[in-house]
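Right, one structure below, let's go through it.
The values are calculated or read from the model by the stated rules, or taken from the named source; none is laboratory data. Here the structure is a predicted model, which means the values were calculated and not measured. Positions of Cβ are generated from backbone atoms using ideal geometry, with glycine treated the same way; all protein chains shown enter the neighbour counts. Accessible surface is based on the protein model in full, side chains and every heavy atom, while ligands, DNA and RNA are left aside. Shrake-Rupley method; radii C 1.70, N 1.55, O 1.52, S 1.80 Å.
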Amino acid sequence: MKFILASQSPRRRELLGYLLNDFDVASANIDESVLDQESPKEYVERLAQHKAQVIAERQDNSSPYLVIGSDTSVIFKQHILGKPEDLADCQRMLSMLSGQTHQVLTAFSVVGPHRTVTKTVSTDVRFVELTEQDIEAYWATGEPQDKAGAYAIQGIGGKFVAAINGSVSSVVGLPLAELQQVLKEMQKL
């Protein structure tokens, strides 16, 4: 069985390495714009499935394969918080999250020649109170610039997290327990 991760994310690559010894990596390069009236759950599921489907379409159906696509979004009061455009945007996002609980939704989609399974995992993350100085100093590290919600739980941003209720690996980018179960089921087919 050939496994392909439809992501260039080093975090997802590292996480999948905990489940699989051997897999390929390919990038789907899709449009990640939010559609009108699309819920956060619909959004992450659509992107995860589209990423995996794009890579699956490049495969030879004569040999068995599973393509894994994933998408993670930070959600606050049903609003998707993307990557910050600049310091002001980072300040806006992290000020919203300060002292509050938000959700991190990660959807993954496993696409094979004859079946697709897509699941979403929601994790609650509670932040400590942040000062303007905390946010500016964090921005200066360079870490929040390319992170959804303007923080990385597995990095320096982890110091802002007071509590997590759910899957830590899902917040990083790939829900391992749930993905492992789906991979086992799909390999039996």
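For the stretch 157-189, filtering for residues that are more than 15 Å from Ile68 (Cβ to Cβ) and of a type in the set (Ser, Thr, Tyr) leaves 1. Restricting attention to the stretch 40-58 and to residues that are open to solvent by 40 Å² or more (accessible area, probe 1.4 Å) and not basic (Lys, Arg), the residue that is nearest to the chain's Cα centre (by Cα) turns out to be Glu45. One residue alone among Val117, Val125 is more than 23 Å from Ser95 (Cα to Cα) and in a strand (DSSP E or B), and that residue is Val117. Residue-level check: of (1) of a type outside the set (Gly, Ala, Ser); (2) under 21 Å from the mean Cα position of the chain (by Cα); (3) open to solvent by less than 60 Å² (accessible area, probe 1.4 Å); (4) farther than 30 Å from Gln181 by Cα, Gln103 misses just (4). Considering only residues of the stretch 126-140 that are farther than 13 Å from Pro84 by Cβ and of a type in the set (Val, Ile, Thr), which is surrounded by the most Cβ atoms within 10 Å (Cβ to Cβ)? Restricting to residues being farther than 13 Å from Pro84 by Cβ and of a type in the set (Val, Ile, Thr), the top hit is Val128.
Check the stretch 6-19 and report whether any residue there is exposed (fewer than 13 other Cβ atoms within 10 Å of the Cβ) and either modelled with pLDDT under 95 or of a type in the set (S, T, N, Q) (or both). Looking through the stretch 6-19, at least one residue is exposed (fewer than 13 other Cβ atoms within 10 Å of the Cβ) and either modelled with pLDDT under 95 or of a type in the set (S, T, N, Q) (or both). Condition first: under 21 Å from Asp86 (Cα atoms), out of contact with any strand residue (DSSP E or B) (no Cβ under 8 Å at 6 or more places or on another chain) and of a type in the set (Val, Ile, Thr). Can you find one or more residues in the stretch 143-154 that meet it? No.
Here Met93 clears all of (1) open to solvent by 10 Å² or more (accessible area, probe 1.4 Å); (2) in a helix (DSSP H, G or I) except the condition numbered (1). In the set (1) open to solvent by 10 Å² or more (accessible area, probe 1.4 Å); (2) hydroxyl-bearing (Ser, Thr, Tyr); (3) within 23 Å of Ser167 (Cβ to Cβ); (4) touching a residue at least 60 places away in the same chain (Cβ under 8 Å), the condition left unmet by Ser63 is number (3). Beta carbons closer than 8 Å, at least 6 apart along the sequence or on distinct chains, pair a first residue in the stretch 1-18 that is in contact (Cβ under 8 Å) with a residue 24 or more places away in the chain with a second that is polar (S, T, N, Q) and in a loop (DSSP other than H, G, I, E, B) for Lys2/Gln59; Lys2/Ser63; Ile4/Gln59; Ala6/Ser27; Ser7/Ser27; Arg11/Gln154. Is it the case that Lys77 is open to solvent by 50 Å² or more (accessible area, probe 1.4 Å) and over 21 Å from Ala162 (Cα atoms)? The answer is no for Lys77. Among the residues of the stretch 107-125, just one is exposed (fewer than 15 other Cβ atoms within 10 Å of the Cβ) and under 21 Å from Pro84 (Cα atoms), namely Asp124.
Could you tell me whether Gln145 is surrounded by fewer than 18 Cβ atoms within 10 Å (Cβ to Cβ), closer than 23 Å to Ile4 by Cβ and of a type outside the set (Asp, Glu)? Judged against the criteria, Gln145 is not a match.
Of everything in the stretch 148-189 that is part of a loop (DSSP other than H, G, I, E, B) and either under 23 Å from Ile4 (Cα atoms) or touching a Phe, Trp or Tyr at 6+ places or on another chain (Cβ under 8 Å) (or both), the residue that is most open to solvent (accessible area, probe 1.4 Å) is Lys188.
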